[in-house]
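The values are calculated or read from the model by the stated rules, or taken from the named source; none is laboratory data. Since the structure is predicted, the reported quantities are computational estimates derived from the model, not experimental observations. Quick reminder, even Gly has a Cβ in these numbers, built from the backbone with ideal geometry, and neighbours come from all protein chains shown. When the accessible area is computed, the model is the full protein with side chains, heavy atoms only, and any ligands, DNA or RNA have been set aside. Shrake-Rupley method; radii C 1.70, N 1.55, O 1.52, S 1.80 Å.
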Amino acid sequence: MKRWVSKRCGADLAKIASRYNITEIFAEILVKRGLYTWETMDKYLFPDIGLMYNPCLMKGVKEAGTLLSDAIKKGVKIKVIGDYDVDGVMSSYILTRGIKLLGGDVSYRIPHRVKDGYGIRSYMVDEAYSDGAGMVITCDNGISAPDAALRAKELGITYILTDHHEVPSEDGVGIIPEADAVVNPKQDGCGYPFKQLCGAGVVYKIFSYIFGQNNDNSYIEELLPFAAIATICDVVPLVDENRIIVSNGLKMLSDRSVMKNTGMRALLDELQIGDKVNSGNIGFRAGPCINAAGRLADASMGMELLLEEDEIAAQKRARGLVMFNEERKAMTERAEEEADKQASQMDIQNQPVIVVYLKDCHESVAGIVAGRVREKYYRPSYILTKGEKGLKGSGRSIPGYHMQAELMKCQDILTEFGGHAMAAGFSLPEENLDKFRETLNNQCCLTPDEMVESVRFDMEAKLADISKELVTQLKWLEPFGEANERAVFAKRGVIIKSLYMCGKENQIARLKLEDEGNMFDAVDFNAEKCVGRAVIERYGKETWGLMKNGMCGQVIDILYIPDINEMYGNIQFKILDCR
């Protein structure tokens, strides 16, 4: 059973409600989002683009902007080197498009996931030199690649490093590659007020500086939507400046007269995403299509779509990316089924670290599968596949288990590894697989409490207290994403008066709930694992079978999200968890 947790609130809710003309329930939710001052609350509720921080506050922006502007004026050939995920593609596009807007001569190189691996390599600098480039700019990578910077210096290439990842350190001191300019808000000595920008957000700040020097705002509509896409898909916190980027970027993506990029319009049309683009559309539909090319083929296909100006050609490219994503989903589903089969046979109570070897799984989906296994079993999960040389793997973790640190303890049996607390990638000789699994479990120090998932909710509220006015106000929390989820409420002791199973696989439950004498509509989109599990735990398996045949009246506690049923116009409660 999951642990339900919530924050306490000691604020003057009536005062907040009066200031913004909102309900006190909504006021409490705002405070529990960490908005403790009028300034932070204003910025959250009204994320105006004019509230973005001055780019000059970011260390290296002025130097990078000046070097880039001078190179463009002198006609220097510029090579952009990005990464194969959505952030890398969007960062590469922002740089390429921004340089073209300024009249520069620019080309790009996006590493191949399998052939090149992550990040810039020295041979990519050699390639740029052979192509006649006098400047190399990295985006969404480079902070961990000192050799590439040194190679650029040897060849006389101006080297600008832009990144947002953690800076490698030794004895607590950050190790920065020897570039001509380094732009990364996480580097030592950077006083930028917000450190959680994605790679595309960082390069966007460089252009806001360059264009701002000429009082030219044309870059905003041209580039901001792509910084928004990357911010959503890179799962950085949607707070502070990221919230401003995404809020305004989504508005531009929704307005096809403003969003002039032919390729992006084609992808939104192919996915039948209308004129109300939200973070879910981007994070779960458009973004995965761009990612799929980098997983199964070449991430440059995403760049080619964004650079395409012919509408018919753009439609074909968009259709191709959607087809790749469908293939990726099918591959992931097959791999997930096999991983679940293996994990279900493991003694995870005594061996809490799940290590699964999927010989035929494509290495590019291993991380997705690891995330799904972690989610289902709430255990650190590693998925390994057969690579060209030995095994390759991806891991996804839970709080309390630092994945990179745990792999560090296994480094004598690994070929290479890298990552952070919650995710990691690695490789090892096939003969070391059993020892790898054994070592991880023997050294695991997770406590029983740490292996119980915590689900956070905003507050307890009677179902009758959820008004249409409040539901409307809850939409002001958008865009939703990392660190800014939908508002979740709890209610204890509701009575299930009726239950109707529906859906293609009979997986959806439509319910009538009684709460303090009033009747309400609710829906559970994963009934067997949610309402069904709770009923079985409280009343037994036989009762759940009887309920599906109309024998209701059981009492449960629920976590829920309120929404408006578009067909009938009434409030409907989406059940997230039960007990």
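Inside segment 100-121, residues that are more than 25 Å from residue 223 (Cβ to Cβ) and open to solvent by 40 Å² or more (accessible area, probe 1.4 Å) make up a count of 4. Among the residues making up segment 479-506, those that are within 27 Å of the chain's Cα centre (by Cα) and farther than 12 Å from residue 577 by Cα are 479, 480, 481, 482, 483, 484, 485, 486, 487. Restricted to segment 33-47, and to residues there that are more than 28 Å from residue 189 (Cα to Cα) and in contact (Cβ under 8 Å) with a residue 24 or more places away in the chain, the residue that is nearest to the chain's Cα centre (by Cα) is 33.
Within segment 468-512, the residues that satisfy the criterion of being of a type in the set (Lys, Arg), outside any loop (DSSP other than H, G, I, E, B) and surrounded by 15 or more Cβ atoms within 10 Å (Cβ to Cβ) are 491, 510, 512.
Just to be sure before I move on: is residue 512 touching a Lys or Arg at 6+ places or on another chain (Cβ under 9 Å), of a type in the set (Lys, Arg) and farther than 30 Å from residue 387 by Cα in the structure I sent? Against the criterion (touching a Lys or Arg at 6+ places or on another chain (Cβ under 9 Å), of a type in the set (Lys, Arg) and farther than 30 Å from residue 387 by Cα), residue 512 qualifies.
Across segment 245-277, which residue is farthest from residue 227 (Cα to Cα) among those that are of a type in the set (S, T, N, Q) and in a loop (DSSP other than H, G, I, E, B)? Within segment 245-277, the match that is farthest from residue 227 (Cα to Cα) is 272. Selection over segment 537-553 of residues that are under 16 Å from residue 510 (Cβ atoms), of a type outside the set (A, V, I, L, M, F, W, C) and touching a helix residue (DSSP H, G or I) at 6+ places or on another chain (Cβ under 9 Å) gives a count of 1.
Which numbered condition in (1) of a type outside the set (Phe, Trp, Tyr); (2) touching a residue at least 40 places away in the same chain (Cβ under 8 Å); (3) open to solvent by less than 10 Å² (accessible area, probe 1.4 Å); (4) touching a Lys or Arg at 6+ places or on another chain (Cβ under 9 Å) is the only one that residue 259 fails? Result: residue 259 passes all but (2). Looking at segment 518-559, which of its residues are over 33 Å from the mean Cα position of the chain (by Cα) and within 22 Å of residue 459 (Cβ to Cβ)? Residues satisfying the conditions are 518, 520, 555.
Residue-by-condition table, conditions (1) closer than 21 Å to residue 482 by Cα; (2) open to solvent by less than 60 Å² (accessible area, probe 1.4 Å):
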{"position": "171", "(1), (2)": "no, no"}
{"position": "183", "(1), (2)": "no, yes"}
{"position": "187", "(1), (2)": "no, yes"}
{"position": "194", "(1), (2)": "yes, yes"}
{"position": "209", "(1), (2)": "no, yes"}
{"position": "212", "(1), (2)": "no, yes"}
{"position": "223", "(1), (2)": "no, yes"}
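The criterion of at least 1 residues that are open to solvent by 10 Å² or more (accessible area, probe 1.4 Å) and either basic (Lys, Arg) or modelled with pLDDT of 95 or more (or both) is met by the following strands (runs of 3 or more DSSP E) wholly inside segment 361-462: 381-386, 391-396, 454-456. Taking the condition free of Cβ contacts under 8 Å to residues at least 60 places away in the same chain and not aliphatic (A, V, I, L, M), does residue 550 pass? Considered against the rule, which asks whether it is free of Cβ contacts under 8 Å to residues at least 60 places away in the same chain and not aliphatic (A, V, I, L, M), residue 550 comes out as yes. Checked against the criteria, residue 346 counts as among the hydrophobic types (A, V, I, L, M, F, W, C), outside any helix (DSSP H, G or I) and buried (at least 17 other Cβ atoms within 10 Å of the Cβ).
In this structure, is residue 239 modelled with pLDDT of 95 or more and in contact with a strand residue (DSSP E or B) (Cβ under 7 Å, 6 or more places away or on another chain)?
yes
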